[in-house]
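Below is one structure, written out as C-alpha cells; the observations come after it.
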Amino acid sequence: MKQKQKILAHICCAPDALYVVGLLQENYEVVGYFYNPNIHPAEEYALRLQEVKKVAAYLHFELVEGPYDMEKWLKLTEKFKNEPEKGRRCHICYAWRLQQTALTARERQISLFTTIMSVSPWKSAEVLNRIGRMTGRKFGVEFLEANFKKKDGFRKSVILSKEFGLYRQNYCGCLYSLNSRKQQVS
Ligand code: SF4
C-alpha cells in the first residue's frame with residue numbers, strides 16, 4: 001500500500017478536529033498541532049487541549065502542543081481589540097497561528113501544513129487560504145487549501161462531537177470574543 005503523505009494540521013478545538021482530522025486521514029498521515037495562545041482564560045485553554053487529546057487518542061494521531069504564549073498574542077492583537085469578529089484582529093490571530101504551524105512543520109521536516117479552522121461558519125475559508133498560501137511561501141512549506149464547511153462539514157462536526165460527548169465552547173477563544181459573548185447574553 002502506498003504510504004500517505006504527512007501533513008501538520010493546526011487544530012483549534014476538539015469538535016472541529018473529530019470531523020476534519022478524520023476526513024484528512026483518508027488521504028494523509030496527520031500530525032496534529034495544538035497552538036492557540038489566543039485562548040482565554042488558561043482554564044479554558046487546558047479544557048480545550050484535554051478534549052483534543054481525547055480525539056487524538058481516538059483517531060490515533062500524534063499530537064504536538066505548541067507554547068501557550070498568550071502574552072505575545074495579546075501584544076500582537078491589542079491594537080485591534082475593538083474590531084468585530086472576522087475583522088483585522090482575527091486575521092492577525094490566524095496569521096500568527098499559521099506561521100507557528102508552518103515553522104513547526106519545517107522543523108519537523110513535514111512538507112505540508114493546513115488548518116482545520118475553515119470548518120467553522122464564523123471563519124472565512126478564503127481568508128484562511130490566502131494567509132496560509134502566503135505563510136507557506138514565506139517559510140517554504142506547502143499549504144493545503146481547504147474549505148471544510150463544504151459537504152455539510154460543520155453540521156457533521158456538530159453531530160459527531162455530540163455523539164462523542166465532547167465539550168463545545170460557546171465563544172471563539174480570546175478575551176475579546178469572551179467579553180462580546182458575555183454582552184450578548186446579559
Ligand atoms: S475572535 Fe477568534 S479568531 Fe478572532 S482574534 Fe479572537 S480568538 Fe482569534
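Determine the gain in length on full extension of the stretch Glu44-Glu83; use 0.36 nm per residue of separation and subtract their C-alpha separation, reporting nm with one decimal.
Between Glu44 and Glu83, full extension yields 11.8 nm more.
For the chain, with only Lys/Arg (+1) and Asp/Glu (-1) charged at the beta-carbon, what is the dipole magnitude about the Cα centre, in debye rounded to 20?
Roughly 480 debye for the chain.
Hey, what did the chain get for relative contact order, percent, Cα under 8 Å, at least 6 apart?
RCO, the chain: 29 percent.
Could you state the per residue volume, in Å³, of the convex hull enclosing the Cα atoms of the range 71-121?
In the range 71-121, the Cα hull volume divided by residue count equals 80 Å³.
When N is the residue count of the range 95-159, what does its C-alpha Rg come to as a fraction of 2.2 N^0.38 Å?
1.15
Using only the alpha-carbon atoms, what does the chain span along each of its principal axes? Please give whole angstrom values in decreasing order.
56, 40, 29
Per the helix-only calculation at 222 nm, which mean residue ellipticity applies to the chain, given -39500 (n - 2.57) for every DSSP H run of n ≥ 4 and division by its residues, nearest 500 deg cm²/dmol?
Calculated mean residue ellipticity at 222 nm is -16500 deg cm²/dmol.
Since every read-out is calculated from the coordinates, none of them should be taken as a lab result. Quantities reported herein were computed from a predicted structural model and do not represent experimental measurements. Virtual Cβ from ideal backbone geometry, glycine too; neighbours counted across all protein chains shown.
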